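Here the structure is laid out as structure tokens; the discussion comes afterwards.
A short reminder: the numbers here are calculations on the coordinates, not readings from a lab. Note that this is a predicted model, so its numbers are computed, not measured. Glycine gets a Cβ as well: all are built from the backbone with ideal geometry, and neighbour counts include every protein chain shown.
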Amino acid sequence: MTYYPKSQIKPNLYTNGNEYIFPLTEEEYIGYYYEVSTGDTFTGKHPDDGPNKRIILDDHSIMDIGTGITLDGNEVKGTIYPPETPNDVIQKLGHGYYPGEPRFNDRSIPTPIQTRPTKKDYDLGVFSRYIAKKNNENTYVEINKEQFIKFQNRDEDVAWDLYTPKEILWQIKGDKTQTYTTNRNIIKLVENREKWYGFTQWFKDRFLKYYIGKDFHVMPDGSIMEGKTHENGKNLISIKLPKNTSTQSNSTTPNNPSGGGY
């Protein structure tokens, strides 16, 4: 583990729950922890109070509204949606847009929309996620396939010269540890190859998003449960699949796609 001097450590912090989880198991953590200068957090009162396991914020529904700082130090204002923010929250509260930022001659900027896997995606074990990066700063937005194609093809309706799109092949089934490692390595490869600094950190260790075990079945309401049958099911995966189960991944596009992005 990296050594940090005492001046770069905040010791004796405590969480009562509903705040931090272990990144691999997503198990909730309750107890003492400490924070280092990079923002990373670990179990224990301090580095000598081991074992020191990394924990991360369980922030799938958290948004920051107001002023934020990007990884390269630039100040931004508006609504910042983490990659875990549900689509219905984004649509209900409005799309991220920074006051005073030009509208690019009525061209659309990326709208945060998560692409969710279909049943056929789960049968295959992989599906595509789509990310757009703002070219002049290390800011990332998860978008849907429709937007990706427009930015990729330099459609005149979108600000293609200000954002770079990327398709990410995301593993969602198989061995849990291998799935976590594979997704993390793919993101690290993109960060290094494209010089997308902070891209790996942006995922907040959520490399098991949409993951399910080898066996699963679809419930009548579209949710997915582990196990081949309901009787063998153990854990209900809180994902409701789109009604259209074609080979393409599906998502719902907000009514006003020109107001998104961060």
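Scanning segment 133-181 for residues that are acidic (Asp, Glu) and either more than 27 Å from Lys120 (Cα to Cα) or more than 18 Å from the chain's Cα centre (by Cα) (or both) gives Glu137, Glu146, Asp155, Glu156, Asp157, Asp161, Asp175. Looking only at residues that are in contact (Cβ under 8 Å) with a residue 60 or more places away in the chain and outside any strand (DSSP E or B) in segment 144-189, which one is farthest from Phe203 (Cα to Cα)? Per the criteria, the residue is Glu146.
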